[in-house]
1. Of all residues in the range 20-34, count the ones that are farther than 14 Å from Tyr143 by Cα, at pLDDT 90 or above and either outside any strand (DSSP E or B) or in the same structural domain as Thr88 (by TED's automatic domain parsing) (or both).
2. Can you tell me how many residues within the range 83-117 are in contact (Cβ under 8 Å) with a residue 24 or more places away in the chain and either within 27 Å of Glu294 (Cα to Cα) or touching a strand residue (DSSP E or B) at 6+ places or on another chain (Cβ under 8 Å) (or both)?
3. Taking the range 1-12 only, how many residues are out of contact with any Asp or Glu (no Cβ under 8 Å at 6 or more places or on another chain), under 21 Å from Thr88 (Cβ atoms) and not in a strand (DSSP E or B)?
4. Kindly evaluate Ala285 against the criterion of being of a type in the set (A, V, I, L, M, F, W, C), without any contact (Cβ under 8 Å) to a residue 40 or more places away in the chain and surrounded by fewer than 21 Cβ atoms within 10 Å (Cβ to Cβ).
5. Somewhere in the range 45-59, is a residue crowded, with 21+ Cβ neighbours inside 10 Å and part of a helix (DSSP H, G or I)?
6. Which of the residues spanning the range 233-264 are modelled with pLDDT of 95 or more, surrounded by 21 or more Cβ atoms within 10 Å (Cβ to Cβ) and under 19 Å from Pro204 (Cβ atoms)?
7. Would you confirm, using the coordinates I've provided, whether Leu33 is in contact with a helix residue (DSSP H, G or I) (Cβ under 9 Å, 6 or more places away or on another chain), surrounded by fewer than 21 Cβ atoms within 10 Å (Cβ to Cβ) and farther than 30 Å from Ala156 by Cα?
8. Before we move on, is Ile120 assigned by TED's automatic domain parsing to the domain that holds Leu67, under 23 Å from His80 (Cα atoms) and either β-branched (Val, Ile, Thr) or touching a residue at least 24 places away in the same chain (Cβ under 8 Å) (or both)?
Amino acid sequence: MRFGPVPLAEAEGAVLAHSLEAGGTRLRKGRVLEAADLAALAAAGHDTVIVAQLGPEDLGEDAAAGLIAAAMVPDPGAAHLRLTAPSTGRVNVYAEAPGVLVLDVDRIEAANRVDPLITIATLPPFARTRSRGMVATVKIIAYGIAAEAAEATARAVRDAMRVRPVELKSATLILTDIGAGPGKGEAAMRGRLEALGIDLIAAPVVAHRTAPLARAVAEAAGDLVLILTASATSDPGDVGPEAVRAAGGAVTRFGMPVDPGNLLFLGEQGGRPVIGLPGCARSPALNGADWVLERVACGLEVSDQDIAAMGVGGLLKESPARPHPRERR
């Protein structure tokens, strides 16, 4: 592609690089110049114009963006995604369902290394999605690029993105009472579940002891069981984890390297997931439980390795619900 000033006589069919006024008409950048445009520019006193001129080996910005986006999401319906029509060298990608964004990071990074004029920006892996929420954008920086580069990028990024939609339909939130009531928390958790399209079908309150909590876990009707104890779960043998085991379940993970959110535990009972929530889940502010809840809701396995990897980037904003901030002022 040739870029720079050219005489008006050589500019027909080229792409205008910068907006110009010509005879009371504003010619906007990106316009493919026609004979009438050049006549207006000449009448306005211009003898040259800065343009981009594509050669036979080049693709225009819209064609290139469309090619790459279509390769990245070859079946938008199956991926629960929607692609916009290319415009100004850009294709935006929107989620069509609540869930989490599943990315092939290696493919996207490889695509971004092909040519710096070709860019693909996305939300982080496993970011929560909502219907009609933007998750990615493909942008061609120049007015045109080499077709070879566009095709190489398309090959590199093939089928690199999808939304994993929410699979669970209902949840039971069990709260414990240590003598002063269960405290707040139901409203914040209801909001989290509603954002995922999950119904909170029950929120029983039981005494903060292993036996009654175990009965509540066993009797819970939700596809997902959430436990929010009145007193923080401070040990793998504490009331919450022990109640899951007493109900015939298992605890697969206690603790996570995300702050706030350290005191989460994860397990299963009766073939369904159980999440023991940290106290910070009483606030709607982002915490480690959100990251686990979102993946579990979408039917994704959350392994020890997955939770260990959350530590990088896991220092989150202080929750206003935390009674003991990290630093005293």
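The values are calculated or read from the model by the stated rules, or taken from the named source; none is laboratory data. Everything numeric in this text was worked out from a predicted model, so none of it was measured. Note that we place each Cβ from the backbone using ideal geometry, even for glycine, and neighbour counts take in every protein chain shown.
1. Number satisfying all stated conditions: 1.
2. Qualifying residue count for the region: 21.
3. 1
4. For Ala285, the condition - of a type in the set (A, V, I, L, M, F, W, C), without any contact (Cβ under 8 Å) to a residue 40 or more places away in the chain and surrounded by fewer than 21 Cβ atoms within 10 Å (Cβ to Cβ) - is met.
5. No, because not a single residue in the range 45-59 is crowded, with 21+ Cβ neighbours inside 10 Å and part of a helix (DSSP H, G or I).
6. Once the filter is applied, which keeps residues that are modelled with pLDDT of 95 or more, surrounded by 21 or more Cβ atoms within 10 Å (Cβ to Cβ) and under 19 Å from Pro204 (Cβ atoms), the range 233-264 yields Val239, Gly240, Pro241, Ala243, Val244, Ala247, Gly249.
7. yes
8. yes
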